[in-house]
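Take a look at the structure set out below.
The values are calculated or read from the model by the stated rules, or taken from the named source; none is laboratory data. Just so it is clear, the model here is predicted, and its values are computed rather than measured. Here Cβ is always computed from backbone atoms with ideal geometry, including for glycine, and neighbour counts include all displayed protein chains. Surface areas here come from the heavy atoms of the whole protein model, side chains and all, with no ligands, DNA or RNA. Shrake-Rupley method; radii C 1.70, N 1.55, O 1.52, S 1.80 Å.
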Amino acid sequence: MKPYIDADISRLLRAAAWMWLGYLAALSLIDAWLYFRLDTLLIYYLLNGSAALAFLLAAYWEPPSHRLSEMRLPVMLILLAIMPLIGNHLLLVRLPPGPLSNPEGMALRQLPILFLALIITAWQYRLAGVLVFSGATALIEVLTVVIVAPLARLLLAPAAGPPGGFAPAPLQGINVFLILGLVRTISFAIVGVFVNQLIERLNQQQQSLQAANARLAHYASTLESLAISRERNRLAHELHDTLAHSLSAIAVQLETARAYWEQDSAKARALVEQAHAATRSGLEETRRALKALRASPLDEVGLLAALRRLAESAAARAKLDLTLTLPDQLPVLAPDIEQAIYRIAQEALENVVAHAHATRLTVRLTRQDHSLCLAVQDNGRGFCVADLADSGHFGLIGMRERARMAGGELDLASAPGHGTTVILTIGAAL
């Protein structure tokens with residue numbers, strides 16, 4: 001048998017030792033009240049008190065080796081269980097007559113100490129340990145009553161003086177103690193099994209709690225990894241939407257300026273100035289994105305004005321006929337929803353400017369019941385949606401991810417020669 005619950009054994013044994021000494025002190029007060037004097041019980045308290053003190057010293061002793069540490073608990077349990085049994089029977093002839101001097105009283109005297117040993121056994125060992133403890137205490141008491149106690153009486157009788165206390169006939173005394181021992185053994189088995197079942201249940205709950213804590217820690221780690229991944233994706237989107245768009249516009253303007261450089265220097269200078277302004281705007285946008293990860297136009301003028309600015313800027317740069325439809329006002333939207341609408345519109349408009357070769361541009365933001373719908377449509381050259389999806393286009397992936405993060409859906413419709421339509425629908429946004 002080995003301990004199966006990781007507990008502070010020393011602390012448990014020290015508590016049992018102090019309870020043993022406290023019980024003897026309380027019992028001495030009861031005996032003093034019953035018998036008016038304790039000189040006849042001096043040997044009883046010397047023996048039991050010495051055993052309790054030895055138990056206390058052993059409880060505070062720190063074994064120098066692991067082997068001694070493993071042996072300490074069984075030895076101390078044997079001491080805690082045997083001493084009350086042997087001491088009571090050996091000293092029975094010396095106790096004065098009284099309610100605690102008969103066999104029933106003596107069994108009552110030793111019962112609390114045996115219960116301490118029983119509870120420690122049930123706490124630290126498996127069910128077999130409880131049954132072994134119950135049987136061993138009964139066997140020790142039988143051997144003490146049948147063999148040890150008669151020999152002690154025979155040796156101590158000449159010095160005992162006038163007969164006092166309880167001195168039954170040998171057979172009658174044996175029968176009484178055997179019956180009491182049988183009752184106590186059955187009681188110990190019942191109580192020990194009950195305590196052991198409680199400890200088993202506690203152990204199962206502890207294991208379940210540890211497993212739940214492990215699952216919770218894994219879940220928290222997964223959430224943290226997911227949050228980090230999502231934040232990295234968001235940073236990638238922000239940098240793409242700021243740096244990529246700004247650099248793309250600057251590149252287009254500089255290429256156009258180079259084309260006009262020899263033919264129309266004034267036009268070329270104007271384009272360079274626009275590129276310079278776009279450079280400053282892109283730099284400022286990038287700084288603000290890195291600082292707050294939120295588009296500056298949204299902070300400055302709000303979603304509607306920011307969308308209007310985006311659409312008008314895109315139409316002016318690509319010389320498109322613009323049809324812009326925006327509501328007069330919008331309800332209060334969550335920041336992430338505003339951010340998603342703005343960034344998806346920005347990506348769609350930049351794609352129109354850079355790739356569509358269109359002449360007309362339509363931008364609509366409509367409110368329908370409890371949803372918002374953003375549509376960006378052009379009449380450009382279009383493309384095959386399947387080919388774009390297979391190529392893993394970063395802008396399209398970013399738009400879809402932004403839509404999902406905002407609780408919406410993104411639909412893309414296009415065909416070669418028939419233009420492109422991007423529709424963002426965010427349900428329950430209002």
query = If the viscosity is 1.306 mPa s and the temperature 10 °C, what translational diffusion coefficient in µm²/s does Stokes-Einstein give for segment 323-379 when Rh comes from Kirkwood over Cα pairs?
reply = 128
query = Can you give the extra length, in nm with one decimal, that the chain gains between His218 and Ala236 once fully stretched, where that is 0.36 nm per residue apart less the Cα-Cα distance?
reply = 3.8 nm
task = Rounded to the nearest 0.05, what FRET efficiency do His357 and Leu283 give with R0 = 41 Å and r taken as the Cβ-Cβ distance? Could you check?
result = 0.90
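Using the crude model of +1 on Lys and Arg Cβ and -1 on Asp and Glu Cβ, and no other charge, please compute the dipole size for segment 311-375 relative to its Cα centre, in debye to 20. Write down the numbers at each step before the final one.
Working: 6 positive and 8 negative charges, 51 e Å.
So the dipole magnitude of segment 311-375 works out to roughly 240 debye.
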task = Would you mind computing, in nm to one decimal, how far apart the modelled labels at Leu68 and Gln206 are, each placed 7 Å from Cα along Cα→Cβ?
result = 2.7
task = Can you run the Rg to Rh ratio on segment 311-430? Use alpha carbon positions and the Kirkwood inverse-distance Rh.
result = 0.96
query = Can you give the net charge of the other residues whose Cβ lies under 10 Å from the Cβ of Leu324, counting K and R as +1 and D and E as -1?
reply = +1
request  = Sort out for me the Cα centre separation of segment 307-348 from segment 397-429, rounded to whole Å.
outcome  = 14
key: Exposure ranking of Arg400, Arg201 by accessible area [1.4 Å probe, largest first]   = Arg201, Arg400
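Starting from the residue with the highest accessible area, list Leu304, Leu127 in decreasing order, probe 1.4 Å.
On the way: Leu304 35, Leu127 65 Å².
Putting Leu304, Leu127 in descending order of accessible area: Leu127, Leu304.
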note = Total charge of the residues flanking Val195 in space, meaning their Cβ is under 14 Å from its Cβ, with Lys and Arg +1 and Asp and Glu -1, is +1
inquiry  = Rounded to the nearest percent, how much of the accessible area of segment 302-418 (1.4 Å probe, protein heavy atoms only) is carbon and sulfur?
reply    = 50
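Quote the relative contact order of segment 307-371 in percent (integer), defining contacts as alpha-carbon pairs under 8 Å separated by 6+ residues. List each step's numbers first, then the result.
Working: 51 pairs, mean separation 34.3, N = 65.
About 53 percent, as a whole number.
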